[in-house]
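Q: Below is one structure. I have some questions about it.
The values are calculated or read from the model by the stated rules, or taken from the named source; none is laboratory data. Because the structure is a prediction, the values reported are computed rather than measured. When we count neighbours, we look across all protein chains shown, and the Cβ atoms used for this are built from the backbone with ideal geometry, even at glycine. Just so you know, the surface numbers come from the protein's heavy atoms only, side chains and all, with ligands and any DNA or RNA stripped out. Shrake-Rupley method; radii C 1.70, N 1.55, O 1.52, S 1.80 Å.
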Amino acid sequence: MQHPEQLTRILAIETSCDETSAAIVEGGTRILSNVIASQIDLHAQFGGVFPEVASRRHIEVIYPVIEQAMQEAHIGFDDLDCIAVTVGPGLVGSLLVGVNTAKGLALARSKPFLGINHIEGHIYSLWLTEDAQSIEFPVLTLVVSGGHTELFLMHDHGRYQHLGGTLDDAAGEAFDKVGRLLGLPFPGGPAIDRISAQGNPAAFHFPRAVMTDEYGYNFSFSGLKTAVMRQVKRYDPDRLPVADMAASFQAAVVDALVTKTVQAAKDHGVTAVHIAGGVSANRALRMAMSAALDIPVRYPPLILCTDNAAMIGAAAHWHFVNGRRDQLNLDVIPSLQLASV
Ligand code: KG4
Ligand code: ZN
């Protein structure tokens, strides 16, 4: 293995969902640039991500985004060690834009090419924090995003043990669906986070599913969403107690996430808990998790919670210094998992 602190310079590209992003990451921990073109405004009118619209927008903005990332980092293609891109999981049409662009650049500039797992990217967003120097294995990482709710025990760089995950909806998906039920703007997560500050989290008691031992470290949020829907139907739409419902729903999600994560952290004697993915931006989750554990709890800065290319560059660094190189015939894998190794 080469020295992990080798000063690699990696151009990373992320287009798996509704953010077009390009970043230059140095040595796996330093962000030289991280340009993110969000499509949220474009999809808000549909109340969710419209896949065909997403891929078309990626095509329009990918080159300007890459150019801006190179300019902000003050480097040229000759300075790059590698070009890395998200190959999955994600929307097939969106992934294809990033992967084909990265392949074209790697071929034209004779650069090594790496296809990176988006979930691993979220895990590595923690290595882009100021506290990264103090990370010691094993750590427990909760990845909570629009597409995933997974608990990984991380034994070393690139060595993951999958402990559990959602049996149905992802946590972010539940936030987005409940946001829609409550008439809040898309995406529901940040909107529920904001309005919950004015609500009473004990106003409604929504179910905390799969809390019994037989479910292990797995989660389930679809019953919770149904319970909110039933409650919403009891009200005249004009008199819906939105803030109380949002706060009570959020409390149920946070309770489930914290209970399972704390249990897993105790069972496996980890040095720290990491939380990554869009939902890790949630203030109630951050507060509750930190209060429930007496080991360090780390979160990425807000801009690195939701999708971005810097986290892909951080993950790519460890593969690159370990000698991994991918062939240019590598394809996108929309349902890619992060396997236990
Ligand atoms: O990681 P991400 O950008 O995309 C996926 O990989 O899925 O996560 C997006 C998800 C959305 O479901 C969004 O509602 C949720 O993260 N989210 C939040 C917050 N900010 C974003 N959920 C709860 N509280 C937030 N503050
Ligand atoms: Zn993501």
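Q: For the chain, what proportion of DSSP beta bridges, expressed in % and rounded to the nearest 5, is antiparallel?
A: Antiparallel bridges: around 60 percent, rounded to the nearest 5.
Q: Which lysines does residue 111 reach when only Cα atoms under 21 Å apart count, and residues fewer than 8 places away in its own chain are ignored?
A: Within the straight-line cut-off, residue 111 pairs with 103.
Q: Now for a separate question. Go through the stretch 57-157 and name the trypsin sites (Lys or Arg not before Pro) that are in a DSSP coil and have 13 or fewer other Cβ atoms within 10 Å of their Cβ.
A: 109
Q: Would you kindly find the accessible area of residue 305, with a 1.4 Å probe and non-protein molecules such as ligands, DNA and RNA excluded, rounding to the nearest 10 Å²?
A: For residue 305, solvent-accessible area is about 0 Å².
Q: D for the chain, whole µm²/s, Stokes-Einstein with Kirkwood Rh over alpha-carbon pairs at 4 °C and 1.567 mPa s: what number?
A: Numbers: Rh = 20.4 Å.
Translational diffusion coefficient: 64 µm²/s.
Q: While we're on this one: For Cα pairs less than 8 Å apart in space and 6+ apart in sequence, what is the mean separation divided by the residue count of the chain, i.e. the relative contact order in percent? Can you show the working numbers first?
A: On the way: 761 pairs, mean separation 87.2, N = 341.
Relative CO of the chain lands at 26 percent.
Q: What is the dipole size for the chain, taken about its Cα centre, with +1 at each Lys and Arg Cβ and -1 at each Asp and Glu Cβ, in debye to the nearest 20?
A: Value, rounded to 20: 520 debye.
Q: For the stretch 175-239, what Kirkwood radius comes out of the mean inverse Cα-Cα distance, in Å?
A: Value: 13.2 Å, from the Cα pair sum.
Q: Another question about this same structure. From Cα coordinates alone, what are the radius of gyration and Dmax values for the stretch 136-299 in angstrom?
A: Using the Cα atoms of the stretch 136-299, the pair Rg, Dmax is 15.7, 53 Å.
Q: Another one. Which aspartates and glutamates, if any, have their Cα less than 20 Å from the Cα of residue 225, not counting same-chain residues under 8 positions apart?
A: Qualifying aspartates and glutamates at Cα under 20 Å: 150, 168, 169, 173, 176, 193, 236, 244, 255.
Q: Quick one: compute the contact order of the stretch 218-341, relative version, from alpha carbon pairs under 8 angstrom and 6+ residues apart, as a percent.
A: 19
Q: Still on this structure: In a GNM of the chain with a 10 Å cut-off on Cα contacts, which of 140, 80, 240 has the highest mean-square fluctuation?
A: In the Gaussian network model the winner is 240.
Q: Can you give the Rg to Rh ratio of the stretch 1-113, both from alpha-carbon atoms, with Rh computed by the Kirkwood formula?
A: Using Cα coordinates only, the ratio equals 1.00.
Q: Do you know the relative contact order of the stretch 136-299, to the nearest whole percent, from alpha carbon pairs under 8 angstrom that are 6+ apart?
A: Reported relative contact order: 29 percent.
Q: Determine the calculated [θ] at 222 nm for the chain from helices alone, applying -39500 (n - 2.57) to every DSSP H run no shorter than 4 residues and normalising by the residue count; nearest 500 deg cm²/dmol.
A: Computed mean residue ellipticity for the chain: -12500 deg cm²/dmol.
Q: Could I ask something else about it? I need the helices of the chain that pass two filters: whole DSSP H segments spanning 18 Å or more by Cα along the axis, and mean Kyte-Doolittle score no lower than 1.0.
A: Numbers: long enough: 51-73 (31 Å, -0.22); 92-108 (24 Å, 1.36); 242-268 (39 Å, 0.49).
Long hydrophobic helices here: 92-108.
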